[in-house]
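Asks: Can you keep this structure in mind? I'll have questions shortly.
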Amino acid sequence: MVAEPLIDLAALGTPERTWARWRQRRPELSLTGWRHLIVVAPHPDDEVLGVGGLIALARSRGLPVTVVTVTDGEASHPGSPTCSPSELGDLRVQESRRAAQELNVDAPIRLGIGDGRVAADEAAVTDALSDILTRCGHTGAWCATTWRRDGHPDHEAVGRATAAACAGTATRLLEFPVRMWHWATPEHPVVPASRARTLTLPGSAVDAKVRALAQFRSQILPMSDDPADQPILSPTVLDRFTGNTETFFV
């Protein structure tokens, strides 16, 4: 099983103020025509980190939101003396359900793919997502998922599978970065700046997102004093996701 934090999130990475200036120069994402939001997350918490504000905004406008979590995130703390992988997966599922309540959406649909194994099961993920899009898809359906170059194999595989499921349908695909904010810079050649759009969030959506993020205690707080139980999402990392904007590649 591959551990989730393949990028050293303990390192400082690119300062948030650098990205904030970059986001200010991106065009605003137009929400014209959306009628249903479908969010596909590789791990429980990615849905809130990347698009928690968009989810809250959709619900405030009375739009239906369907959240799909591809894995249960059981590999986030390899070697933990506190939680076995299965226990950690159960914990993260419960955290994701509580976060959904904060955002006023139903509990996520779980695909149950092994954490760190999405690329190996990519075809099955595509098929499962195609079925979900068939049930949920209609004119005005938007599907948001992790960017296909985000820097984590599960994030990238989920992005590819979601793009394949959306292909040939009327569903509009939005990709959002999660790990990119840490390892990349605005000038990095792989960052598709011309496709980037910024969504400015109202205060109510930001507040709901912050409340939802607080539910992921296994990721933002130490589970014990053991080094293997230290937080995945440090305050520095969380600072990238608690502002009043979200970014999408369209």
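The values are calculated or read from the model by the stated rules, or taken from the named source; none is laboratory data. For clarity, every value in this text was computed on a predicted model and none was experimentally measured. Cβ coordinates were reconstructed from backbone atoms using ideal geometry, including for glycine residues, and neighbour counts include every protein chain displayed. Protein only, heavy atoms only, side chains kept; ligands, DNA and RNA dropped before computing areas. Shrake-Rupley method; radii C 1.70, N 1.55, O 1.52, S 1.80 Å.
Asks: Helix-only estimate, please: 222 nm mean residue ellipticity of the chain, summing -39500 (n - 2.57) across DSSP H runs of length 4 or more and dividing by its residues, to the nearest 500.
Replies: -11000 deg cm²/dmol
Asks: Please state the relative contact order of the range 40-137 as a whole percent: Cα pairs under 8 Å, 6+ residues apart?
Replies: On the way: 117 pairs, mean separation 30.0, N = 98.
Contact order relative to length: 31 percent.
Asks: Here's something else I'd like to know. Loop only per DSSP, at most 13 neighbouring Cβ atoms within 10 Å: give me the trypsin sites (Lys or Arg not before Pro) in the range 6-72, ordered by residue number. Before the final figure, lay out each step's value.
Replies: On the way: sites: R17, R21, R23, R25, R35, R59, R61; in loops: R25, R35, R61.
Counting only loop positions with at most 13 other Cβ atoms within 10 Å, the trypsin sites (Lys or Arg not before Pro) in the range 6-72 are R25, R35, R61.
Asks: Rounded to a whole number, what % of the accessible area of the range 80-178 do carbon and sulfur atoms account for, probe 1.4 Å?
Replies: Reported share for carbon and sulfur atoms: 47 percent.
Asks: Go ahead and collect, in residue order, the members of the range 210-248 whose backbone nitrogen is under 15 Å from a label point 7 Å along the Cα-Cβ direction of R172.
Replies: 247-248
Asks: Can I ask one more? Under the 0.36 nm per residue contour assumption, what length would be gained going from the current alpha-carbon distance of R98 and R21 to full extension? Don't skip to the answer; put the middle values down first.
Replies: Working: separation 77, 0.36 × 77 = 27.72 nm, distance 3.27 nm.
Length difference between fully extended and current span is 24.5 nm.
Asks: Moving on. Suppose all protein chains stay in the model; what accessible area per residue would a 1.4 Å probe give for the range 113-181, in Å²? Display every interim value, and only then the final one.
Replies: Working: 2460 Å² over 69 residues.
With all protein chains present, the range 113-181 gives 36 Å² per residue.
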